[in-house]
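Novice: Below is the structure I would like to discuss, written out as structure tokens.
The values are calculated or read from the model by the stated rules, or taken from the named source; none is laboratory data. Remember, it's a predicted structure, so these values are computed and weren't measured experimentally. Cβ placement follows ideal geometry from the backbone for every residue including glycine, while neighbour counts extend to all protein chains displayed. SASA here: full protein model, heavy atoms, side chains in, ligands and nucleic acids out. Shrake-Rupley method; radii C 1.70, N 1.55, O 1.52, S 1.80 Å.
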Amino acid sequence: MLQKSTVIFLKSLKKNNNKPWFDEHRKVYEHAKKDMEQMVQSVIDMHGKKDPLIADLKAKECMFRINRDVRFSNDKSPYKTNFGASINGGGKKSGLAGYYIHIEPGQSFTGGGLYVPMPPALKKVRQEIDYNLEEFTKILQSKKFKSVFGSLSEWEGVKLSRVPQGFDKDSSAAPYLLFKSYIADKPLSDEDLVDKTLIKTILYSFETLQPLLQFLNRALED
């Protein structure tokens, strides 16, 4: 579980997203960051027993910086209002499909997948789905996957309007070939964040997601 102080810090940061406030509360931030890091490391250590690709990862290498890159954004708020950790084999910049933990009061979730891959990688995944549709749909339609995630995430802009060039628009795989990212996520309430079952909940979501990640990474590694 996370400390209540960590959740309170993120809520306060959202209301006071400026450098003077942050500097004044830097010690609180450092405590919250350490709290998140310890939770993420516990998840890595435990799930790493089932997924050797992440077994040797360190939480601090998986977590994202709190500072925002505002160079090309109209929103000049200097800080993110969340803690995020991308837990991927080879590290968060490896390009492989992986697990993700997002802690943001009111918008937290756990899950993962493959987020906005480069065109060559995306083509490989689509080909793998097209060639092995039965295996892919079996993963997504399993009782366990549906009970945790429901289906692949379909936020605005995540899908094309038509089947990409080079694939049969009448293929049974066509609905899955439209995706530009292959992500599944499970919301976490603010109460979940400070509940003693938080790590257990995250671990179960990772265990459920693992077959999908193995499918996606097989395509990328071929």
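Novice: Give the accessible surface of region 92-222 per residue, rounded to a whole number of Å², with probe radius 1.4 Å and ligands, DNA and RNA excluded. Working shown, then result.
Specialist: Numbers: 7010 Å² over 131 residues.
The answer is 54 Å² per residue.
Novice: Which values, in whole Å and largest first, are the semi-axes of the equivalent ellipsoid of the chain obtained as the square root of 5 times each eigenvalue of the Cα gyration tensor?
Specialist: Semi-axes, largest first: 33, 20, 15 Å.
Novice: Then there's this: Between K58 and K27, what FRET efficiency follows from the Cβ-Cβ distance if R0 is 22 Å, with the result rounded to 0.05?
Specialist: In this case the efficiency is close to 0.45.
Novice: Compute the signed sum of charges (Lys and Arg +1, Asp and Glu -1) over the other residues within less than 11 Å, Cβ to Cβ, of Y29.
Specialist: Result for the local shell: 0.
Novice: Okay, next question. Normalise the Debye intensity by I(0) for region 1-68, one equal point scatterer per Cα, no solvent, then take log10 at q = 0.12, 0.14, 0.28 Å⁻¹ and round to two decimals.
Specialist: Reported log10 I(q)/I(0), two decimals: -0.38, -0.50, -1.22.
Novice: Take peptides 71-80, 93-102, 38-47, 126-135 and line them up by average Cβ neighbours within 10 Å, highest first, as a rough protection proxy.
Specialist: Highest-to-lowest ranking by the protection proxy: 93-102, 38-47, 126-135, 71-80.
Novice: If you roll a 1.4 angstrom probe over the protein chains with everything in place, what fraction of the accessible area of region 1-141 belongs to carbon and sulfur, to the nearest %?
Specialist: Solvent-exposed carbon and sulfur of region 1-141 make up 52 percent of the total.
Novice: Just add up the charged neighbours of F83: K/R +1, D/E -1, any other residue whose Cβ is under 10 Å from the Cβ of F83.
Specialist: Working: positive: K33, K80; negative: D35, E37, E104.
That sum, taken over residues with Cβ under 10 Å, equals -1.
Novice: Looking at region 1-96, which GluC sites (Glu not before Pro) are in a loop (DSSP not H, G, I, E or B) and have at most 16 other Cβ atoms within 10 Å?
Specialist: none
Novice: Output the relative contact order of the chain, whole-number percent, from Cα pairs under 8 angstrom with separation of 6+ residues.
Specialist: Working: 318 pairs, mean separation 51.3, N = 222.
Once divided by the residue count of the chain, the mean separation gives 23 percent.
Novice: Still on this model: Amide H of F179: which non-local residues (sequence gap of 5 or more, or other chain) have their own amide H closer than 5 Å, using H built in the peptide plane?
Specialist: L160
Novice: Return the distance in nm (one decimal) between the two label points of a simple spin-label model at Y115 and K15, each offset 7 Å from Cα along Cα→Cβ.
Specialist: Calculated label separation equals 2.8 nm.
Novice: Let me ask another. For n ≥ 4 DSSP H runs only, could you compute -39500 (n - 2.57) per run for the chain, divide by its residues and tell me the 222 nm figure to the nearest 500? Present the calculation step by step, with values, prior to reporting the outcome.
Specialist: Values: 10 runs with 103 residues, N = 222.
Here the helix-only value at 222 nm equals -14000 deg cm²/dmol.
Novice: Tell me which aspartates and glutamates have Cα within less than 15 Å of K60's Cα, excluding those fewer than 8 residues away on the same chain?
Specialist: Result set, ordered by chain and number: E30, D35, E37, D45.
Novice: Using only protein heavy atoms and a 1.4 Å probe, report how much of D192 is accessible, in Å² to the nearest 10.
Specialist: Taking all protein chains as shown, D192 has close to 60 Å².
Novice: Using only the Cα atoms of region 119-200, construct the convex hull and provide its projected area averaged over every direction, in square nanometres to one decimal.
Specialist: Answer in nm², one decimal: 6.9.
Novice: With all pairs of different alpha carbon atoms counted, what Kirkwood hydrodynamic radius in Å does region 75-143 show?
Specialist: Details: mean 1/r = 0.0692 Å⁻¹.
Its Kirkwood hydrodynamic radius stands at 14.5 Å.
Novice: Let me know the volume per residue of the alpha-carbon convex hull for region 43-121, in Å³.
Specialist: Dividing the Cα hull volume of region 43-121 by its residues yields 119 Å³.
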